[in-house]
Amino acid sequence: MNVLIIGSGGREHALAWKIAQSPLCEKLYVATGNAGTAQIAQNIDLGINDFPNIKKTVLEKNISLVIVGPEEPLVNGLADFFRHDPELQKIKFIGTNQSGARLEGSKDFAKHFMNTHRIPTALHRSFTPETLQEGLQYIDNHSLPIVLKADGLAAGKGVVIADTYADARKNFMEMLAGKFGKASQKVIVETYMHGIEMSVFVLTDGKNFITLPEAKDYKRISDGDKGLNTGGMGAVSPVPFANEDFMLKVRKRIINPTLKGLQAEGIDYVGFIFIGIMNVNGDPFVVEYNVRLGDPETEVVLPRIESDLLEIFDLTAQKRLNEVQLKISPKTATTVMLTAKGYPESYEKGTKMTGFENLPKEALAFHAGTKTLDNQIVTNGGRVIAMTALADTLDEALDISNRAAEILKFEGKHYRKDIGFDLKKLVK
Ligand code: GLY
(Lines give C-alpha, C1' and ligand atoms only; values in the text may rest on other atoms or scores of the structure.)
Protein backbone atom coordinates (compact mmCIF):
# COMPACT_ATOMS: atom_id res chain seq x y z
CA MET A 1 0.00 0.00 0.00
CA ASN A 2 1.04 3.61 -0.50
CA VAL A 3 1.54 5.47 2.78
CA LEU A 4 1.72 9.15 3.73
CA ILE A 5 3.34 10.32 6.97
CA ILE A 6 2.53 13.89 7.97
CA GLY A 7 5.30 15.76 9.81
CA SER A 8 8.97 16.57 9.48
CA GLY A 9 10.87 15.76 12.68
CA GLY A 10 12.85 12.93 14.21
CA ARG A 11 9.60 11.19 15.15
CA GLU A 12 8.51 11.14 11.51
CA HIS A 13 11.94 9.93 10.32
CA ALA A 14 11.74 7.07 12.84
CA LEU A 15 8.19 6.24 11.65
CA ALA A 16 9.33 6.30 8.02
CA TRP A 17 12.36 4.11 8.85
CA LYS A 18 10.13 1.52 10.52
CA ILE A 19 7.36 1.57 7.90
CA ALA A 20 9.83 1.35 4.99
CA GLN A 21 10.85 -2.07 6.38
CA SER A 22 7.34 -3.46 5.98
CA PRO A 23 6.72 -5.76 3.00
CA LEU A 24 3.24 -4.17 2.84
CA CYS A 25 4.75 -0.76 2.02
CA GLU A 26 4.84 0.12 -1.66
CA LYS A 27 5.39 3.87 -1.95
CA LEU A 28 6.17 5.94 1.12
CA TYR A 29 5.68 9.71 1.23
CA VAL A 30 6.51 12.16 4.01
CA ALA A 31 5.08 15.70 4.14
CA THR A 32 7.23 17.67 4.43
CA GLY A 33 9.96 15.40 5.80
CA ASN A 34 13.67 16.23 6.10
CA ALA A 35 17.03 15.18 4.65
CA GLY A 36 16.77 11.84 6.48
CA THR A 37 13.30 10.90 5.26
CA ALA A 38 14.39 11.89 1.72
CA GLN A 39 16.83 8.95 1.80
CA ILE A 40 14.10 6.35 2.38
CA ALA A 41 10.88 7.98 1.15
CA GLN A 42 9.66 10.73 -1.15
CA ASN A 43 9.29 14.08 0.56
CA ILE A 44 6.32 16.24 -0.44
CA ASP A 45 6.20 19.95 0.24
CA LEU A 46 2.82 20.20 1.92
CA GLY A 47 1.59 22.29 4.86
CA ILE A 48 0.45 20.11 7.76
CA ASN A 49 -2.71 22.20 8.08
CA ASP A 50 -3.35 22.58 4.35
CA PHE A 51 -6.30 20.16 4.24
CA PRO A 52 -7.30 20.75 0.57
CA ASN A 53 -3.76 20.05 -0.65
CA ILE A 54 -3.41 17.02 1.61
CA LYS A 55 -6.59 15.68 -0.03
CA LYS A 56 -5.24 16.39 -3.52
CA THR A 57 -1.97 14.59 -2.74
CA VAL A 58 -3.70 11.58 -1.17
CA LEU A 59 -5.90 11.11 -4.26
CA GLU A 60 -3.13 11.81 -6.80
CA LYS A 61 -0.62 9.46 -5.16
CA ASN A 62 -3.22 6.76 -4.52
CA ILE A 63 -2.43 6.72 -0.81
CA SER A 64 -4.36 4.23 1.27
CA LEU A 65 -3.01 4.94 4.75
CA VAL A 66 -2.18 8.25 6.44
CA ILE A 67 -0.28 8.59 9.73
CA VAL A 68 -0.23 11.96 11.46
CA GLY A 69 2.90 12.76 13.49
CA PRO A 70 2.21 16.12 15.20
CA GLU A 71 -0.86 17.11 17.23
CA GLU A 72 -1.75 20.36 15.46
CA PRO A 73 -3.56 18.96 12.39
CA LEU A 74 -5.50 16.61 14.71
CA VAL A 75 -6.55 19.44 17.00
CA ASN A 76 -7.56 21.32 13.85
CA GLY A 77 -9.76 18.42 12.68
CA LEU A 78 -7.81 16.59 9.95
CA ALA A 79 -9.27 13.20 10.95
CA ASP A 80 -12.82 14.64 10.81
CA PHE A 81 -12.04 16.17 7.39
CA PHE A 82 -11.11 12.69 6.10
CA ARG A 83 -14.12 11.03 7.75
CA HIS A 84 -16.63 13.47 6.24
CA ASP A 85 -15.19 13.73 2.72
CA PRO A 86 -16.79 11.15 0.38
CA GLU A 87 -13.53 10.75 -1.57
CA LEU A 88 -11.38 10.31 1.57
CA GLN A 89 -13.74 8.29 3.74
CA LYS A 90 -12.17 4.96 2.84
CA ILE A 91 -8.58 6.08 3.45
CA LYS A 92 -7.12 4.46 6.56
CA PHE A 93 -6.18 7.18 9.01
CA ILE A 94 -4.05 6.96 12.17
CA GLY A 95 -4.79 9.99 14.33
CA THR A 96 -7.70 10.94 16.55
CA ASN A 97 -10.65 13.11 15.63
CA GLN A 98 -11.04 16.62 17.00
CA SER A 99 -13.13 15.45 19.91
CA GLY A 100 -10.36 13.09 21.12
CA ALA A 101 -7.65 15.65 20.35
CA ARG A 102 -9.03 17.81 23.17
CA LEU A 103 -6.99 15.56 25.49
CA GLU A 104 -3.97 17.57 24.29
CA GLY A 105 -5.64 20.63 22.74
CA SER A 106 -7.34 21.67 26.01
CA LYS A 107 -5.61 21.02 29.32
CA ASP A 108 -8.85 22.06 31.05
CA PHE A 109 -10.76 19.36 29.17
CA ALA A 110 -8.07 16.81 30.04
CA LYS A 111 -8.21 17.66 33.76
CA HIS A 112 -12.00 17.41 33.82
CA PHE A 113 -11.80 14.13 31.91
CA MET A 114 -9.38 12.73 34.51
CA ASN A 115 -11.49 13.92 37.42
CA THR A 116 -14.68 12.50 35.90
CA HIS A 117 -13.09 9.12 35.30
CA ARG A 118 -11.13 9.05 38.57
CA ILE A 119 -7.73 8.99 36.91
CA PRO A 120 -4.99 10.10 39.33
CA THR A 121 -3.53 13.52 38.53
CA ALA A 122 -2.40 16.68 40.37
CA LEU A 123 -5.07 18.85 42.02
CA HIS A 124 -6.00 21.83 39.87
CA ARG A 125 -8.28 24.79 39.28
CA SER A 126 -8.87 26.66 36.02
CA PHE A 127 -9.18 30.44 35.72
CA THR A 128 -10.13 32.94 33.01
CA PRO A 129 -9.68 36.76 32.85
CA GLU A 130 -13.10 37.03 34.60
CA THR A 131 -11.84 35.02 37.59
CA LEU A 132 -8.33 36.57 37.74
CA GLN A 133 -8.71 37.89 41.33
CA GLU A 134 -9.96 34.53 42.55
CA GLY A 135 -6.97 32.94 40.79
CA LEU A 136 -4.48 35.24 42.51
CA GLN A 137 -6.00 34.38 45.89
CA TYR A 138 -5.82 30.68 45.03
CA ILE A 139 -2.12 31.12 44.15
CA ASP A 140 -1.39 32.98 47.41
CA ASN A 141 -2.84 30.11 49.43
CA HIS A 142 -1.16 27.40 47.36
CA SER A 143 2.00 25.49 48.30
CA LEU A 144 5.19 26.09 46.27
CA PRO A 145 6.24 25.34 43.59
CA ILE A 146 3.12 26.12 41.58
CA VAL A 147 2.50 24.81 38.07
CA LEU A 148 0.73 27.09 35.57
CA LYS A 149 -0.47 25.71 32.26
CA ALA A 150 -1.97 27.48 29.26
CA ASP A 151 -5.16 25.62 28.33
CA GLY A 152 -4.45 25.35 24.60
CA LEU A 153 -1.50 24.48 22.36
CA ALA A 154 1.41 26.87 22.90
CA ALA A 155 4.20 25.25 20.86
CA GLY A 156 5.52 23.44 23.94
CA LYS A 157 6.05 26.71 25.86
CA GLY A 158 2.77 26.93 27.78
CA VAL A 159 3.91 25.42 31.10
CA VAL A 160 5.56 27.44 33.89
CA ILE A 161 6.85 25.99 37.15
CA ALA A 162 7.02 28.93 39.57
CA ASP A 163 9.22 28.67 42.66
CA THR A 164 8.00 31.92 44.23
CA TYR A 165 4.58 33.54 44.67
CA ALA A 166 5.79 36.65 42.84
CA ASP A 167 6.82 34.58 39.82
CA ALA A 168 3.54 32.63 39.88
CA ARG A 169 1.42 35.82 40.07
CA LYS A 170 3.41 37.52 37.29
CA ASN A 171 3.19 34.57 34.91
CA PHE A 172 -0.47 33.96 35.75
CA MET A 173 -1.39 37.57 34.90
CA GLU A 174 0.76 37.60 31.74
CA MET A 175 -0.79 34.37 30.53
CA LEU A 176 -4.35 35.58 31.08
CA ALA A 177 -3.43 38.86 29.38
CA GLY A 178 -2.65 36.89 26.23
CA LYS A 179 1.02 35.83 26.44
CA PHE A 180 0.12 32.73 24.42
CA GLY A 181 -2.79 34.27 22.55
CA LYS A 182 -5.97 32.18 22.55
CA ALA A 183 -4.11 29.28 24.18
CA SER A 184 -3.85 31.10 27.51
CA GLN A 185 -7.35 32.57 27.66
CA LYS A 186 -7.79 29.92 30.31
CA VAL A 187 -4.99 29.00 32.75
CA ILE A 188 -4.74 25.87 34.84
CA VAL A 189 -3.13 26.23 38.27
CA GLU A 190 -1.84 22.89 39.39
CA THR A 191 -0.05 21.33 42.36
CA TYR A 192 3.56 20.37 41.61
CA MET A 193 4.18 16.63 41.77
CA HIS A 194 7.51 15.45 43.19
CA GLY A 195 8.72 12.31 41.46
CA ILE A 196 10.32 10.94 38.35
CA GLU A 197 8.62 11.26 34.98
CA MET A 198 8.21 8.78 32.15
CA SER A 199 6.22 8.45 28.93
CA VAL A 200 3.73 5.67 28.19
CA PHE A 201 2.37 5.13 24.67
CA VAL A 202 -0.91 3.47 23.80
CA LEU A 203 -2.26 2.76 20.33
CA THR A 204 -6.01 2.27 20.21
CA ASP A 205 -8.59 1.54 17.53
CA GLY A 206 -11.39 2.86 19.75
CA LYS A 207 -12.22 -0.61 21.13
CA ASN A 208 -8.92 -2.41 21.62
CA PHE A 209 -5.48 -1.15 22.50
CA ILE A 210 -1.82 -2.12 22.68
CA THR A 211 0.84 -0.60 24.91
CA LEU A 212 4.09 0.26 23.15
CA PRO A 213 7.48 0.28 24.91
CA GLU A 214 7.73 3.05 27.52
CA ALA A 215 10.48 5.68 27.52
CA LYS A 216 12.12 8.37 29.64
CA ASP A 217 12.72 11.78 28.10
CA TYR A 218 15.27 14.44 29.19
CA LYS A 219 13.68 17.87 28.81
CA ARG A 220 16.28 20.38 30.05
CA ILE A 221 18.91 21.76 27.69
CA SER A 222 21.98 21.12 29.89
CA ASP A 223 23.57 18.26 31.80
CA GLY A 224 22.26 17.63 35.30
CA ASP A 225 18.72 18.64 34.23
CA LYS A 226 19.72 22.30 34.26
CA GLY A 227 18.68 25.20 32.04
CA LEU A 228 15.72 25.87 29.81
CA ASN A 229 13.05 23.37 28.88
CA THR A 230 13.27 21.89 25.38
CA GLY A 231 11.19 19.50 23.29
CA GLY A 232 13.49 16.73 24.55
CA MET A 233 17.26 16.24 24.50
CA GLY A 234 17.42 12.46 24.63
CA ALA A 235 15.50 9.36 25.63
CA VAL A 236 15.91 5.83 26.96
CA SER A 237 13.71 2.73 26.66
CA PRO A 238 12.99 0.59 28.65
CA VAL A 239 12.69 2.59 31.88
CA PRO A 240 14.16 0.54 34.75
CA PHE A 241 11.65 1.73 37.40
CA ALA A 242 8.70 0.87 35.15
CA ASN A 243 8.72 -2.69 36.44
CA GLU A 244 5.81 -5.14 36.23
CA ASP A 245 4.27 -3.93 39.47
CA PHE A 246 4.38 -0.24 38.47
CA MET A 247 3.11 -0.90 34.93
CA LEU A 248 0.23 -2.93 36.37
CA LYS A 249 -0.78 0.15 38.39
CA VAL A 250 -0.44 2.30 35.25
CA ARG A 251 -2.69 -0.07 33.35
CA LYS A 252 -5.32 -0.43 36.08
CA ARG A 253 -5.43 3.16 37.32
CA ILE A 254 -4.67 5.08 34.13
CA ILE A 255 -4.78 3.27 30.77
CA ASN A 256 -7.97 1.25 31.33
CA PRO A 257 -10.02 4.15 32.79
CA THR A 258 -8.74 6.47 30.04
CA LEU A 259 -9.98 4.17 27.30
CA LYS A 260 -13.25 3.42 29.12
CA GLY A 261 -13.69 7.16 29.68
CA LEU A 262 -13.27 7.91 25.98
CA GLN A 263 -15.86 5.27 25.13
CA ALA A 264 -18.24 6.50 27.83
CA GLU A 265 -18.01 10.02 26.38
CA GLY A 266 -18.74 8.69 22.88
CA ILE A 267 -15.28 9.60 21.54
CA ASP A 268 -14.26 7.22 18.75
CA TYR A 269 -10.50 7.54 19.31
CA VAL A 270 -8.26 5.93 16.70
CA GLY A 271 -4.58 6.71 17.17
CA PHE A 272 -1.89 7.24 19.76
CA ILE A 273 -2.30 8.38 23.33
CA PHE A 274 0.97 9.51 24.92
CA ILE A 275 0.56 9.65 28.66
CA GLY A 276 3.13 11.62 30.63
CA ILE A 277 3.31 9.85 33.98
CA MET A 278 4.87 10.94 37.26
CA ASN A 279 6.04 8.15 39.54
CA VAL A 280 5.33 9.57 43.00
CA ASN A 281 6.78 7.13 45.54
CA GLY A 282 5.73 4.14 43.41
CA ASP A 283 2.28 5.46 42.48
CA PRO A 284 1.55 6.72 38.95
CA PHE A 285 -0.13 10.10 38.31
CA VAL A 286 -0.92 11.65 34.92
CA VAL A 287 1.08 14.80 34.16
CA GLU A 288 -0.54 15.29 30.76
CA TYR A 289 -2.02 13.56 27.74
CA ASN A 290 -0.75 14.02 24.20
CA VAL A 291 -2.50 12.69 21.12
CA ARG A 292 0.66 11.74 19.27
CA LEU A 293 3.93 9.92 19.79
CA GLY A 294 6.65 11.76 21.72
CA ASP A 295 9.80 13.17 20.18
CA PRO A 296 12.55 12.02 20.87
CA GLU A 297 10.79 9.09 22.60
CA THR A 298 9.70 7.64 19.23
CA GLU A 299 13.36 7.36 18.29
CA VAL A 300 13.82 4.78 21.10
CA VAL A 301 10.33 3.23 21.13
CA LEU A 302 10.16 2.15 17.47
CA PRO A 303 13.60 0.48 17.31
CA ARG A 304 12.40 -1.86 20.11
CA ILE A 305 9.30 -2.93 18.18
CA GLU A 306 10.01 -6.11 16.24
CA SER A 307 6.51 -6.47 14.73
CA ASP A 308 5.48 -5.01 11.37
CA LEU A 309 4.23 -1.53 12.32
CA LEU A 310 2.44 -0.95 9.03
CA GLU A 311 0.46 -4.16 9.51
CA ILE A 312 -0.43 -2.92 13.01
CA PHE A 313 -1.62 0.43 11.60
CA ASP A 314 -3.63 -1.37 8.93
CA LEU A 315 -5.38 -3.46 11.61
CA THR A 316 -5.86 -0.38 13.83
CA ALA A 317 -7.73 1.42 11.06
CA GLN A 318 -9.94 -1.66 10.66
CA LYS A 319 -10.62 -1.83 14.43
CA ARG A 320 -8.87 -5.19 14.61
CA LEU A 321 -6.09 -4.37 17.05
CA ASN A 322 -7.19 -7.34 19.17
CA GLU A 323 -5.48 -9.53 16.53
CA VAL A 324 -2.07 -7.98 17.18
CA GLN A 325 0.60 -9.70 19.28
CA LEU A 326 3.18 -6.97 19.70
CA LYS A 327 6.76 -8.27 19.71
CA ILE A 328 9.11 -6.07 21.72
CA SER A 329 12.90 -6.41 21.88
CA PRO A 330 14.33 -6.81 25.41
CA LYS A 331 17.31 -4.68 24.33
CA THR A 332 17.87 -1.08 25.44
CA ALA A 333 17.48 1.83 23.06
CA THR A 334 19.01 5.25 23.73
CA THR A 335 18.98 8.45 21.77
CA VAL A 336 21.00 11.65 22.13
CA MET A 337 19.67 14.79 20.45
CA LEU A 338 22.05 17.20 18.75
CA THR A 339 20.82 20.79 18.77
CA ALA A 340 21.69 24.02 16.98
CA LYS A 341 23.50 26.92 18.66
CA GLY A 342 21.01 29.01 20.62
CA TYR A 343 18.25 26.38 20.92
CA PRO A 344 15.69 26.42 22.61
CA GLU A 345 15.80 30.19 22.06
CA SER A 346 16.47 31.62 18.60
CA TYR A 347 18.93 29.57 16.56
CA GLU A 348 20.59 29.56 13.19
CA LYS A 349 19.57 27.40 10.24
CA GLY A 350 21.49 26.35 7.16
CA THR A 351 24.70 25.24 8.94
CA LYS A 352 26.68 22.59 7.01
CA MET A 353 26.82 19.14 8.60
CA THR A 354 29.71 16.70 8.07
CA GLY A 355 30.86 13.30 9.27
CA PHE A 356 27.87 11.15 8.26
CA GLU A 357 30.18 8.64 6.59
CA ASN A 358 32.15 8.15 9.85
CA LEU A 359 29.19 7.34 12.12
CA PRO A 360 29.34 3.94 13.89
CA LYS A 361 27.47 1.49 11.69
CA GLU A 362 25.28 0.40 14.64
CA ALA A 363 24.01 3.98 15.12
CA LEU A 364 20.66 5.08 13.72
CA ALA A 365 20.79 8.77 12.86
CA PHE A 366 17.21 10.05 12.91
CA HIS A 367 17.08 13.47 11.29
CA ALA A 368 14.92 16.12 13.01
CA GLY A 369 15.72 19.59 11.66
CA THR A 370 17.75 18.97 8.51
CA LYS A 371 17.39 19.55 4.79
CA THR A 372 19.43 19.08 1.65
CA LEU A 373 20.80 22.21 0.04
CA ASP A 374 23.03 21.98 -3.07
CA ASN A 375 23.68 18.27 -2.39
CA GLN A 376 24.82 19.06 1.15
CA ILE A 377 22.93 18.27 4.38
CA VAL A 378 22.41 21.42 6.47
CA THR A 379 20.63 22.20 9.72
CA ASN A 380 17.01 23.31 9.42
CA GLY A 381 15.71 23.40 13.00
CA GLY A 382 16.63 23.72 16.67
CA ARG A 383 16.67 20.00 17.28
CA VAL A 384 18.84 18.73 14.43
CA ILE A 385 19.42 14.98 14.66
CA ALA A 386 18.84 12.16 17.18
CA MET A 387 21.56 9.54 17.51
CA THR A 388 19.89 6.28 18.44
CA ALA A 389 21.42 2.95 19.39
CA LEU A 390 19.91 -0.42 20.28
CA ALA A 391 22.15 -2.71 22.32
CA ASP A 392 22.13 -5.43 24.96
CA THR A 393 22.81 -3.02 27.82
CA LEU A 394 22.18 0.64 28.67
CA ASP A 395 25.95 1.27 28.83
CA GLU A 396 26.56 -0.20 25.38
CA ALA A 397 23.69 1.73 23.81
CA LEU A 398 24.82 5.01 25.41
CA ASP A 399 28.36 4.43 24.23
CA ILE A 400 27.18 4.17 20.60
CA SER A 401 24.78 7.14 20.85
CA ASN A 402 27.44 9.35 22.47
CA ARG A 403 30.16 8.33 19.99
CA ALA A 404 27.83 9.13 17.08
CA ALA A 405 26.92 12.48 18.69
CA GLU A 406 30.62 13.32 18.97
CA ILE A 407 31.51 12.28 15.40
CA LEU A 408 28.87 14.26 13.52
CA LYS A 409 30.04 17.83 13.13
CA PHE A 410 28.35 21.20 12.62
CA GLU A 411 29.18 24.61 13.99
CA GLY A 412 27.49 25.36 17.31
CA LYS A 413 26.53 21.70 17.91
CA HIS A 414 25.30 20.98 21.44
CA TYR A 415 24.21 17.78 23.12
CA ARG A 416 23.81 16.45 26.62
CA LYS A 417 26.52 14.08 27.79
CA ASP A 418 24.49 12.63 30.68
CA ILE A 419 21.47 11.02 28.98
CA GLY A 420 20.51 7.86 30.90
CA PHE A 421 23.03 8.41 33.71
CA ASP A 422 20.30 8.70 36.34
CA LEU A 423 18.98 5.29 35.27
CA LYS A 424 22.32 3.45 35.45
CA LYS A 425 22.02 2.92 39.20
CA LEU A 426 18.55 1.39 38.75
CA VAL A 427 19.64 -1.17 36.14
CA LYS A 428 20.24 -4.62 37.62
N1 GLY B 1 9.36 14.72 24.27
C2 GLY B 1 8.16 15.24 24.72
C3 GLY B 1 7.13 15.45 23.72
O4 GLY B 1 7.20 14.93 22.62
O5 GLY B 1 6.17 16.15 24.00
I'd like the residue in the stretch 79-96 that is more than 24 Å from Glu26 (Cβ to Cβ) and surrounded by fewer than 15 Cβ atoms within 10 Å (Cβ to Cβ) and, out of all such residues, is nearest to the chain's Cα centre (by Cα). His84
If you check Val236 against the conditions, is it within 16 Å of the ligand (Cβ to nearest atom), within 19 Å of Gly69 (Cα to Cα) and of a type in the set (A, V, I, L, M, F, W, C)? no
All positions within the stretch 104-123 that are part of a helix (DSSP H, G or I) and of a type in the set (S, T, N, Q): Asn115, Thr116
May I ask you to list the residues in the stretch 239-283 that are farther than 23 Å from Glu190 by Cα and within 16 Å of the ligand (Cβ to nearest atom)? Val239, Gly271, Phe272
Mind counting the residues in the stretch 126-149 that are touching an Asp or Glu at 6+ places or on another chain (Cβ under 8 Å) and either aliphatic (A, V, I, L, M) or over 14 Å from Asn171 (Cα atoms) (or both)? 5
Looking at the structure I just gave you, is Phe285 touching a residue at least 60 places away in the same chain (Cβ under 8 Å), outside any helix (DSSP H, G or I) and under 22 Å from the mean Cα position of the chain (by Cα)? yes
Taking the condition at negative phi and more than 13 Å from the ligand (Cβ to nearest atom), does Leu293 pass? no
Being surrounded by 17 or more Cβ atoms within 10 Å (Cβ to Cβ), under 26 Å from the mean Cα position of the chain (by Cα) and not hydrophobic (A, V, I, L, M, F, W, C) is the requirement here; does Gly158 meet it? yes
Can you tell me which residue among Thr116, Thr121, Thr131 is among the hydroxyl-bearing types (Ser, Thr, Tyr) and free of Cβ contacts under 8 Å to residues at least 12 places away in the same chain? Thr131
Taking the stretch 52-78 and keeping residues acidic (Asp, Glu) and surrounded by fewer than 16 Cβ atoms within 10 Å (Cβ to Cβ) leaves Glu60
Residues located in the stretch 296-309, provided they are away from the ligand (no atom under 14 Å from the Cβ) and either at pLDDT below 95 or in contact with a strand residue (DSSP E or B) (Cβ under 7 Å, 6 or more places away or on another chain) (or both): Pro303, Arg304, Ile305, Glu306
With respect to Lys170, determine if the residue is charged (D, E, K, R), part of a helix (DSSP H, G or I) and modelled with pLDDT of 95 or more. yes
Checking the structure you have, find out if any residue of the stretch 222-230 is among the aliphatic types (A, V, I, L, M) and either buried (at least 16 other Cβ atoms within 10 Å of the Cβ) or part of a helix (DSSP H, G or I) (or both). no
So which strands (runs of 3 or more DSSP E) stay within the stretch 297-386 end to end and still have 1 or more residues that are of a type in the set (Gly, Ala, Ser)? 332-339, 364-367
When the stretch 134-170 is checked residue by residue, the ones that are closer than 26 Å to Val75 by Cα and free of Cβ contacts under 8 Å to residues at least 12 places away in the same chain are Ala155
Is there a residue being within 19 Å of Arg11 (Cβ to Cβ) and surrounded by 13 or more Cβ atoms within 10 Å (Cβ to Cβ) anywhere in the stretch 317-325? no
Name every residue in the stretch 175-226 that is within 16 Å of the ligand (Cβ to nearest atom) and small (Gly, Ala, Ser), in order of residue number. Ala183, Ser199, Ala215
Exactly one of Asp422, Asp399 is of a type in the set (Asp, Glu) and surrounded by fewer than 16 Cβ atoms within 10 Å (Cβ to Cβ), and that one is Asp422
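The values are calculated or read from the model by the stated rules, or taken from the named source; none is laboratory data. Worth saying up front: this structure is predicted, and the values here are computed from it rather than measured. Note that each Cβ is placed from the backbone with ideal geometry, even for glycine, and that neighbours are counted across all protein chains shown.
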